[in-house]
Amino acid sequence: MNGCWYNPHEDEGDHWEIKFRGVTVWGYFRPEWRQRKVTSFSPKVAFSYRDLATFLRFLSIPFRKRRPLVFVTGRQDMLRFVAYHFKGVDIDLYVRSETVRGDSFFIECFRFIFRKTFWLVFFKDYRRLLCSLYKIRPKHVDNESVARQVKAIIGDYFFNYILRFFFKDREVYFSNCVVPQIERYQNLLNSCEIQHGVIHSSHLDYAKIPNGLFKTKLLAWNNFWEKVIIEKCMFKGAVISSDYEPIFQSSDGFSFDVLIYTTVDDEFSKKIENIDCNSSSQIIVQKHPRDYYRYEKIGGNVRFGYGVNALKAEKVVVSDSTLIRKLNVSGKFFYYMMAGEEEREEVARRLMSKYDVKIYQDYEIIESLNDIM
């Protein structure tokens, strides 16, 4: 989702100086307070023997041989990156359930308990931090939201010390799994964060962070993203780069007319429902992993697919996602379908900034699917 773009040059005053026991906490509040809209995921509460076995494996880390510890979300793109980057390396992998079933349920429960209880143990610190934040809280953020984040910060802070005990002298790589966000600013684990999505000049996790605050290393997928992080985000931390560049496999011809990659946006989904049903085009829709729209009015010439090769489609329609980079590297012209209150000039500027693609040369902008039928 694009949401409201944050201006990284906007004055944040002394927000970065708001700290808990010497560690800045502003990174926890930046997205909501700057009204940056992001997709969220609420997995179903489910676990199996795998989660229990993984929890026991986690507890035994100090007693086993030293292998790189890798913690990632259960997404195909992340798992493919890990398989590529650590090829030939004996790693200890932990996965948080998302669109792919994970195995870290009980470890995450352990962290959840810290978040829900430790603020009571350190109530004076909790009240002090709340008072500091209430003074600068924007009107669109309520007190309950602030309190919830402060509780999370205190829990994460101390949970990270537990992890340090288990991870002593280990290589640690993480991305939204088990290792809390505060590790970026604590660096208790001497860890490396793995890039987990599009990074651009307005990305609130990395853009315009004062020198010395982001303390962990950051592993970029490849040199393209490393350059974006350093030059466009003005990132001051340590960046290392892999050479992972996913592309679509070449195809001898077209198997269907149109391939549409959905996103998490009801308006975008409704435009798919509004396709001209009289069209003879063969259309395949590949849903975003977090797209829960029901698509009750889909025409008879539309079917759903998964893992579809974009090069087998004559025309490809996308929204703002990492697929744009993959399509461009694969040499595939695409169509960007606007949604919400997007404007052509803003879209062209944003895509150029984020993916280095040029309108008319690499893609065209459309308002509805009927524009290309």
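The values are calculated or read from the model by the stated rules, or taken from the named source; none is laboratory data. As the structure is a computational prediction, the values presented were derived from the model and not from experiment. We place every Cβ from the backbone using ideal geometry, glycine too, and count neighbours over all the protein chains shown. Side chains are part of the model used for accessible areas, which takes the heavy atoms of the whole protein and leaves out ligands, DNA and RNA. Shrake-Rupley method; radii C 1.70, N 1.55, O 1.52, S 1.80 Å.
Of note:
- Taking only the C-alpha atoms of the stretch 237-335, Rg followed by Dmax gives 15.0, 55 Å.
- Selection of GluC sites (Glu not before Pro), the stretch 307-373, meeting DSSP coil and at most 16 other Cβ within 10 Å: GLU341, GLU343, GLU367
- Placing +1 on the Cβ of every Lys and Arg and -1 on the Cβ of every Asp and Glu, with nothing else charged, gives the stretch 90-162 a dipole about its Cα centre of roughly 640 debye.
- Backbone geometry of the stretch 184-198 corresponds, through the Karplus equation with coefficients 6.51, -1.76 and 1.60 at θ = phi - 60°, to 3J(HN,Hα) couplings of 4, 9, 8, 6, 5, 9, 6, 9, 9, 7, 9, 3, 10, x, 5 Hz, x marking Gly and Pro.
- Proximal charge balance of THR117 [Cβ under 13 Å; K/R count +1, D/E count -1]: +3
- Average Cα contact separation per residue, the chain, under 8 Å, 6 or more apart, as relative contact order %: 13 percent
- The modelled label-to-label distance between VAL141 and SER251, using points 7 Å beyond Cα along the C-beta direction, is 4.5 nm.
- For the stretch 251-333, averaging the sequence separation of C-alpha pairs within contact (under 8 Å, six or more residues apart) and dividing by the residue count gives a relative contact order of 39 percent.
- Rounded FRET efficiency, nearest 0.05, which uses the C-beta distance separating SER48 from ALA238 and R0 of 56 Å: 0.90
- Other residues lying with their Cβ under 11 Å from the Cβ of GLY305 contribute a combined charge of +3, Lys and Arg counting +1, Asp and Glu -1.
- C-alpha center-to-center spacing [the stretch 131-167, the stretch 329-349] in angstrom: 37 Å
- The chain - accessible surface per residue (Å², probe 1.4 Å): 50 Å²
- GLN76-ASP90 pseudo-label distance in nm [points 7 Å out on the Cα-to-Cβ vector]: 3.1 nm
- Paramagnetic reach from ASN223 in the stretch 231-248 [backbone N under 14 Å; point 7 Å along Cα→Cβ]: 241-245
- Using a Gaussian network model of the chain in which every pair of alpha carbons under 10 angstrom is joined by a spring, one finds that among ASP156, ASP103, ASP266 the greatest mean-square fluctuation is at ASP266.
- Residue pairs exceeding 20 angstrom between C-alpha atoms, taken from LYS168/LYS236; LYS208/LYS236; LYS87/LYS215; LYS168/LYS217: LYS168/LYS236; LYS87/LYS215.
- With the cut-off at under 13 Å, measuring from each backbone N in the stretch 46-75 to a point 7 Å along the Cα-to-Cβ line of ARG101 picks out 46-52.
- Rounded to 0.05, the FRET efficiency of the PHE112 and ASP356 pair, given R0 = 25 Å and the Cβ-Cβ distance, is 0.05.
- Alpha carbon centroid spacing (whole Å) that separates the stretch 45-89 from the stretch 177-227: 20 Å
- Phi angles across the stretch 129-141 convert, under the Karplus curve 6.51 cos²θ - 1.76 cosθ + 1.60 with θ = phi - 60°, into 3J(HN,Hα) values of 5, 4, 4, 5, 7, 4, 5, 10, 4, x, 5, 7, 10 Hz, Gly and Pro given as x.
- The GNM of the chain, with springs linking C-alpha atoms under 10 angstrom apart, assigns the highest mean-square fluctuation among VAL178, VAL329, VAL316 to VAL329.
- Lys/Arg +1, Asp/Glu -1 at C-beta; the chain dipole; positive extreme among VAL318, PRO180, HIS203: PRO180
- About the Cα centre, charge dipole magnitude for the chain (Lys/Arg +1, Asp/Glu -1 at Cβ), debye: 1860 debye
- Here the convex hull built on the C-alpha positions of the stretch 331-373 has a volume of 72 cubic angstrom per residue.
- Remark: the stretch 221-373 carries a charge dipole of roughly 420 debye about the Cα centre, counting +1 on each Lys and Arg Cβ and -1 on each Asp and Glu Cβ.
- Dividing the alpha-carbon radius of gyration of the chain by the rule-of-thumb value 2.2 N^0.38 Å gives 1.06.
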